[in-house]
Amino acid sequence: MTKQIKLCIFDLDGVIVDTAKYHYLAWRELAKEFGYDLTGKQNEKLKGVSRNQSLKLILQWAGVKKTVKEQKLLASKKNNQYVKLIQSLKPEDIFPGVKEFITELKSNKIATSIGSASKNTRLILDKLQITDLFDYIVDGNMTTHSKPHPEVFLKSCEALGIKPQNTIVFEDAPKGIEAALAGGMYAIGIGDPIELTNANMVIPGFNNFKLNDIFAVK
Ligand code: B16
Ligand code: MG
């Protein structure tokens with residue numbers, strides 16, 4: 001399929017920028033209220049997972065139950081804290097090589113889009129000043145199913161009129177890789193091959209990464 005790439009979909013957190021550290025700080029603060037210290041290992045389980053589902057895990061680890069109304073309040077409390085933390089995001093926070101790779105895609109007439117679970121996607125892209133780099137943006141406000149459901153990626157294909165078979169997804173979370181594969185797309189993992197065993201290929205990041213590096217792999 002690699003010769004017919006027509007669209008590249010990028011996850012946001014962990015692929016374009018590290019906002020996971022801010023999610024971690026905000027969830028950790030909430031977990032403290034429930035009397036425990038959220039570990040880095042637990043935080044890994046929140047990557048790529050929607051806000052509401054993350055909260056469910058936070059409450060589960062605390063061994064507490066909350067009503068739907070209380071859950072809404074807790075989710076918005078965490079989000080207020082998170083939004084405060086990401087105010088300092090700036091263009092220099094974009095991971096190395098991302099903009100260069102997108103420029104290469106554009107010169108090869110390959111469409112680009114975002115497929116993120118985050119409802120703060122637009123804010124983050126604006127802070128990084130890269131909103132205009134994408135032909136389409138799908139975020140957590142536009143989906144009803146969480147990853148590993150492929151909806152967040154399929155919506156870009158539908159909007160741009162491109163088949164999943166001609167699409168590559170870049171993802172840092174195992175659930176996101178699962179979502180891309182479930183949608184019939186080629187999945188490139190960003191990070192550790194040991195964590196992302198289901199990906200078609202795994203790269204450490206976009207630094208010096210070229211379109212030809214995908215063609216080089218069958
Ligand atoms: P929000 P991604 C995901 O972004 C994060 O990895 C995950 O930790 C977060 O809970 C989710 O967005 C929702 O974010 O609370 O801002 O709506 O990796 O899908 O770009
Ligand atoms: Mg991610």
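Every number in this text was worked out from the coordinates using simple rules, so none of it is lab data. Only a predicted model underlies this, so the values are computations on that prediction, with no experimental measurement involved. Here the Cβ positions follow ideal geometry from the backbone for every residue, glycine too, while neighbour counts run over all protein chains shown.
Key figures
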| quantity | calculated |
| --- | --- |
| Between helix 151-160 and the chain: long-axis angle, C-alpha atoms, 0 to 90°, nearest 10 | 40 |
| Structure-based [θ]222 nm, the chain - -39500 (n - 2.57) summed over DSSP H runs of at least 4, per residue, nearest 500 | -12500 deg cm²/dmol |
| Rounded FRET efficiency, nearest 0.05, which uses the C-beta distance separating Q60 from N207 and R0 of 45 Å | 0.75 |
| 28 Å Cα-Cα threshold exceeded, pairs from K99/K155; K65/K175; K45/K155; K72/K147; K56/K210 | K56/K210 |
| Using a Förster distance of 45 Å, the FRET efficiency for K72-K109 (Cβ separation, nearest 0.05) | 0.55 |
| Ratio Rg/Rh, restricted to segment 1-115 and using Cα atoms, in which Rh is the Kirkwood radius | 1.09 |
| Karplus 3J(HN,Hα) series, Hz, for segment 127-138 with 6.51 cos²θ - 1.76 cosθ + 1.60 (x for Gly, Pro) | 4, 7, 6, 10, 3, 6, 6, 10, 6, 7, 9, 10 |
| Cα coordinate range in segment 119-185, projected on the principal axes (Å, largest first) | 31, 23, 21 |
| Percentage, to the nearest whole number, of Cα pairs in the chain over 33 Å apart | 15 |
| Nonlocal amide H pairs with V202, under 5 Å, H built at 1.01 Å | G189 |
| Cα-Cα P(r), segment 147-212, percent of pairs per 10 Å interval | 24, 50, 25, 1 |
| Ellipsoid equivalent to segment 83-129 - semi-axes via the Cα gyration tensor, in Å | 23, 13, 7 |
| Scattering profile of segment 20-88 at q = 0.22, 0.23 Å⁻¹ [log10 I(q)/I(0), Debye over alpha-carbon scatterers] | -0.93, -1.02 |
